[in-house]
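Structure, as structure tokens:
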Amino acid sequence: MPKQTFTKNLQYAKFCAYGFLKDLRFYEPFMLLVFLDKGLSYLEIGTLYATREVLINLTEVPSGIFADSVGRRLTMVFSFLAYILAFITFYFADSFEILLLAMAAYAFGDAFRTGTHKAMIFDYLRLNGWEDQKTYYYGHTRAWSQRGAAVSALIAALLVLYQGSYAPIFLFTIIPYVLNVFLILSYPKNLDGKRHTSDRRITEEFVSVMRSLIASMKSLAMVRTISSQALYTGYYKAFKDYLQPLLETLALSLPIFLAWE
């Protein structure tokens, strides 16, 4: 394995800061509790999550084409603006229909962000001749993302205790996401990637992607691999959020169990 030889310069700090700010999702530990607090049933909550996942999958390919057309930086900015719109709507929404629109905006944010920033990092490594440093470099940025997630959970708990309700955490989440918008805009232009503004070129790329997808689906081994991954990821995403009300109930009943002892 090659030794770590990259330079921890300003752009390295920006990549790490992006990861840290991106994972300051104060709402995440309480998402399902927020929906329950707004009077939604478990069926409606499940519908919201299902809608999000379906929209993310449907917009993955168009988001890549969009990035090729306007550049990765503007694509990332669009992604974070969609997130911010979703957070504001989540805070003010008081009906299932409005929450469904908020979840759609959230899905667009996820689809346009996923993979785009990673491509920018790998492009930066290629431009600097550090392609053999992908493991080290990307690992460092991911470590800062994990730090952000850890800090986020702690701050989120303090915010809920201080505010006495769950909904305001969406407004607090807007702060790091606005900072990330300005951070992305400060990235060098050469990280935008190759831009194809021709409608014909975009159409050709879309057709090429669809042909590759069809070819993959014809391979039984490939379908089996994708299905296994999809089933695991799907069940995990579907059930992990439902642990929140169970943990809340357990936490509330813990003093009673201790008193019985």
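The values are calculated or read from the model by the stated rules, or taken from the named source; none is laboratory data. These numbers were taken from a predicted model, which means no experiment stands behind them. Cβ atoms come from the backbone with ideal geometry, glycine included; neighbour counts cover every protein chain shown.
Among the residues of the stretch 156-164, is any within 29 Å of Asn9 (Cα to Cα) and of a type in the set (A, V, I, L, M)?
The first filter runs over the stretch 156-164 and keeps only residues within 29 Å of Asn9 (Cα to Cα), leaving none.
Checked the stretch 156-164: no residue is within 29 Å of Asn9 (Cα to Cα) and of a type in the set (A, V, I, L, M).
Okay, residues lined up against (1) within 18 Å of Asp110 (Cα to Cα); (2) among the basic types (Lys, Arg):
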| position | (1), (2) |
| --- | --- |
| Lys22 | yes, yes |
| Thr51 | yes, no |
| Gly71 | yes, no |
| Ala82 | yes, no |
| Glu97 | no, no |
Do we have any residue at all in the stretch 137-146 that's surrounded by fewer than 14 Cβ atoms within 10 Å (Cβ to Cβ), in contact (Cβ under 8 Å) with a residue 60 or more places away in the chain and part of a loop (DSSP other than H, G, I, E, B)?
-> no
Of all residues in the stretch 9-38, how many are in contact (Cβ under 8 Å) with a residue 24 or more places away in the chain and in a loop (DSSP other than H, G, I, E, B)?
-> 6
Given the conditions (1) under 30 Å from Leu158 (Cα atoms); (2) among the small types (Gly, Ala, Ser); (3) in contact with a Phe, Trp or Tyr (Cβ under 9 Å, 6 or more places away or on another chain), report the number of the one that Ser63 does not fulfil.
-> (1)
On the given criteria, is Ala13 surrounded by fewer than 14 Cβ atoms within 10 Å (Cβ to Cβ), modelled with pLDDT of 85 or more, of a type in the set (Gly, Ala, Ser) and closer than 24 Å to Ile184 by Cβ?
-> yes
